[in-house]
Amino acid sequence: MTANASSAASSAPATSARVPGRVRTRFAPSPTGFLHIGGVRTALYAWAFAKHHGGDYVLRIEDTDVERSTPEAVAAILEGLDWLGLDADEGPFYQMQRMDRYRQLLDEMLADGRAYYCYATPEELEAMREAQRARGEKPRYDGRWRPENAAGKQPPADVKPVVRFRNPDDGVVVWDDMVKGRIAIGNAELDDLVIARSDGTPTYNFCVVVDDLDMGITHVIRGDDHVNNTPRQINILRALGAEPPIYGHLPMINGPDGQKLSKRHGAVSVLQYQEDGYLPDAIINYLARLGWSHGDDEIFSREQLVQWFDGTHLSVSPAQLDFDKFRWVNHHYLKALPDAELAAEVGRRLEARGIPATLGGQPVSAEALAAMCALLKDRSPTWVALTDWVALFFAPSAPEAEALAARLTEPVRAAVADFLAGLPAAAGDKDAIGALMKTVLKTHGLKMPQLAVPLRLMVFGVEQTPSVDAMLALLPAAEIEARVRTHLAG
């Protein structure tokens, strides 16, 4: 799947691919904003459930909000899903390409009384609600333009009507939710829903029902902000002669503080996580556990997820982002990558920062870059962190002047001079550099931090690194000497 998939997308589902009894799920984002991790988790669960049952996972773009939907948002959604490897078996389908189908069904429902025109103006509806509130009643449409109530009324010529679905008057809508268990809503609680606006465009609740019907969706996994829509959608589906799919409504994902997810703690585009250095497999693993469990397993492959994800063990409580754990999971996946693969990605990120991977004016070898990554990956939970560390080998060192001055006492300067004198014979060999440092320390009566910390500051610009002899062994002697003498002279 790519961001260009829309050009090849069909407006009609591939009915020939359906098999009776076959599980079919869908992910149906609205391209009115970015794809954030809450949406990704929904897509992941729908994908994993379909794969577990050998079924189909359908991608549908719900783009009927013309004013807010953008091609850029569509492209970002497709790019994000593609990066995460959540490829659809069918789609993407676009609701705006299915308008003829929606209007066909609207006409049929209007013709046989399952739907009707409502000419109530917004002002009338607001006055109606105010009166209901004043009487202590729940505000709801009172059915004034139902055919039996509108008999003898002349439709106003200056009002463009909406279309309302005629909801059943009595009975109870019941469904067994995959997450929440049995839910029952009395039809007396539901009024007649608008299913087409005054300009003729169908509404979300109508489009989604027709799509789920036409696409043969058997299981709808979505956020629990849709629970209130479900009884209405079930009634519309039954009015169209179909039985509803099985629904599963997932609790929301909260921020680390337990509050609703916001931009300050994670509600950003999933592509931002790509930029921040997270791996697709780590995101899949972490999000899978954010509302579902398989015993005490924390780290597992996509294949294991598909094997285990049968729709049970879904949490009924809101999940909570834990970025420390998220980074821990990501670190596991990053460290497991081959060093050559680490080097290739770090090289790309260094280039994007404008930091050439060169020493002494010459590009370093792929092997040398891989050795740097191998040394530093244990300290790097993300690509950004690993790139930050590797950049120390190539960017000019810029230690804090006061910190360096405090370390460079006269005895230390003398020890550094002796170290530089013996470096050419030891360069490139961690053990030899370590032995040289011990000899210099013994000669000058110093302890390891008194020499190691100034060397780190002068060569890498920081006080803390992995073993200083291992770090220095990855640089040519001339590079080390040039950096050190620059700061000694300063």
| said: Can you tell me which residue is nearest to Tyr117 (Cα to Cα) among those in the range 229-249 that are modelled with pLDDT of 95 or more and open to solvent by 40 Å² or more (accessible area, probe 1.4 Å)? | reply: Arg232
| note | Pairing a residue in the range 291-305 that is touching a residue at least 24 places away in the same chain (Cβ under 8 Å) with any residue that is surrounded by fewer than 15 Cβ atoms within 10 Å (Cβ to Cβ), where Cβ atoms lie under 9 Å and the two sit 6 or more apart in sequence or on different chains, gives Gly291/Ser315; Gly291/Ser317; Trp292/Thr312; Trp292/His313; Trp292/Ser315; Glu298/Lys325; Arg302/Gly85
| message | What's the number of the only condition in (1) outside any helix (DSSP H, G or I); (2) in contact with a Gly (Cβ under 6 Å, 6 or more places away or on another chain) that Val220 fails to meet? | response | (2)
| said: Pull out all pairs, ordered by first then second residue, where Cβ-Cβ is under 9 Å, the residues are six or more apart or on different chains, the first lies in the range 164-183 and is closer than 15 Å to Arg232 by Cβ, and the second is assigned to a loop (DSSP other than H, G, I, E, B) and of a type in the set (A, V, I, L, M, F, W, C). | reply: Arg164/Trp145; Arg164/Leu193; Phe165/Leu193; Asn167/Leu190; Asn167/Leu193; Pro168/Leu190; Val173/Leu190
| query | Looking at the range 163-190, which of its residues are farther than 21 Å from Arg222 by Cα and open to solvent by 30 Å² or more (accessible area, probe 1.4 Å)? | reply | Arg166, Pro168, Asp169, Asp170, Gly171, Val172, Ala188, Glu189
| task | Within the range 401-428, track down each residue that is open to solvent by less than 50 Å² (accessible area, probe 1.4 Å) and closer than 14 Å to Thr486 by Cβ. | result | Leu404, Leu408, Val416, Leu420
| Those residues of the range 379-404 which are within 15 Å of Glu351 (Cα to Cα) and not aliphatic (A, V, I, L, M), in sequence order | Trp383, Thr387, Asp388, Trp389, Phe393, Phe394
| task | Looking at (1) farther than 22 Å from Asp65 by Cα; (2) open to solvent by 30 Å² or more (accessible area, probe 1.4 Å); (3) polar (S, T, N, Q), find the lone condition where Gln97 falls short. | result | (1)
| remark: Checking Pro156, Pro139 in turn, the sole residue that is at pLDDT below 95 and either surrounded by 12 or more Cβ atoms within 10 Å (Cβ to Cβ) or on the phi > 0 side of the Ramachandran plot (or both) turns out to be Pro139
| Unmet requirement for Asp225, which otherwise passes all of (1) acidic (Asp, Glu); (2) at pLDDT 95 or above; (3) open to solvent by 30 Å² or more (accessible area, probe 1.4 Å) | (2)
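The values are calculated or read from the model by the stated rules, or taken from the named source; none is laboratory data. From a predicted model like this one, the values you see are computed outputs, not experimental measurements. Here the Cβ is made from the backbone with ideal geometry for all residues, glycine too, and neighbour counts use every protein chain on show. Remember, those area values only see protein heavy atoms, side chains included, never the ligands or the DNA or RNA. Shrake-Rupley method; radii C 1.70, N 1.55, O 1.52, S 1.80 Å.
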